[in-house]
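**Q** Quick one: structure below, then a few questions.
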Amino acid sequence: MKKNILITWVSRWIGNYLLNNLKENNNIIWISRTKTEIIGFKEFNIDLTNFELFKIIIKYLKDWNIKLDIIIINAWLGHFWKYEKWSNEKYEEIIKLNLLSPILLIKELEPYLTKKAKIIFVWSIISKKFMKYAAVYQASKFGLRWFAWALKNEMKWKGIYIINPKIVETTFHDKSEIKIDNNINNITTLVSIYFIINNIIMWFEKRFEIDL
């Protein structure tokens, strides 16, 4: 039986790869601020930092009596520059997307989760280690990691998971001041992220926090 899976931010990178590899065997509902050309179950083109727009998703789930088996939180924004260089608006944007939007979105979606639903955070190893030029980005990652821990203890009937990739094989860091070590041991492939998530969906993977 196909599972109903909601994925945030699929316009590119990790979310796009997950959608294209999971859509054949599952009903994927995805969120992308920009419209994609992907043919699938249901697409919502909304900005996750506009929290009022969450009601559009909730109305759809309610009207069609849809319960979600999996939520994959993948939306994040980062600027890797010296702390003093960026404006307050940029930092507010990072916190709103990386930290506040998952917290508020999951709260709104909770009534529409199946009894044994899983919530998967595709997060970052930076939530466990310190890095230069990423102060506010890292703060948002630390915050959501501990939010996930709190959910794990509070919502014991649900499956809560955090996946912490290293530097993912994308163009995410192309314009940052951070010097990227391209040693293969520091890179996490998209296929390895998909492999872990598919194992979680299939009940093969039961660890709460998985470092890649």
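The values are calculated or read from the model by the stated rules, or taken from the named source; none is laboratory data. Since we're looking at a predicted model, the values are computed, not measured. With ideal geometry, Cβ positions are generated from the backbone for all residues, glycine too; neighbour counts draw on all protein chains shown.
**Q** When you scan the range 14-36, how many residues do you find that are among the polar types (S, T, N, Q), closer than 18 Å to Asn50 by Cα and surrounded by fewer than 22 Cβ atoms within 10 Å (Cβ to Cβ)?
**A** 1
**Q** Let me ask you something else. If we scan the range 35-49, do we find a residue that is β-branched (Val, Ile, Thr) and under 25 Å from Thr189 (Cβ atoms)?
**A** Within the range 35-49, one or more residues are β-branched (Val, Ile, Thr) and under 25 Å from Thr189 (Cβ atoms).
**Q** Looking at the structure I just gave you, is Tyr60 of a type in the set (Ser, Thr, Tyr), out of contact with any Leu (no Cβ under 8 Å at 6 or more places or on another chain) and touching a residue at least 40 places away in the same chain (Cβ under 8 Å)?
**A** no
**Q** Check off (1) modelled with pLDDT of 90 or more; (2) of a type in the set (A, V, I, L, M); (3) buried (at least 16 other Cβ atoms within 10 Å of the Cβ) for Ala75 and give me the number that stays unchecked.
**A** Among (1) modelled with pLDDT of 90 or more; (2) of a type in the set (A, V, I, L, M); (3) buried (at least 16 other Cβ atoms within 10 Å of the Cβ), Ala75 violates only (1).
**Q** Pick from the range 37-62 the residues that are over 22 Å from Asn21 (Cβ atoms) and not hydrophobic (A, V, I, L, M, F, W, C): which of them is surrounded by the fewest Cβ atoms within 10 Å (Cβ to Cβ)?
**A** Glu52
**Q** Among the residues of the range 18-36, write down those that are in a helix (DSSP H, G or I) and either among the charged types (D, E, K, R) or more than 22 Å from Ile58 (Cβ to Cβ) (or both).
**A** Across the range 18-36, the qualifying residues are Leu18, Asn20, Asn21, Leu22.
**Q** Residue check, Ile70 against (1) outside any strand (DSSP E or B); (2) modelled with pLDDT of 95 or more; (3) under 22 Å from Asn199 (Cα atoms); (4) of a type outside the set (S, T, N, Q), all met but one. Which one?
**A** Condition (1) is where Ile70 drops out.
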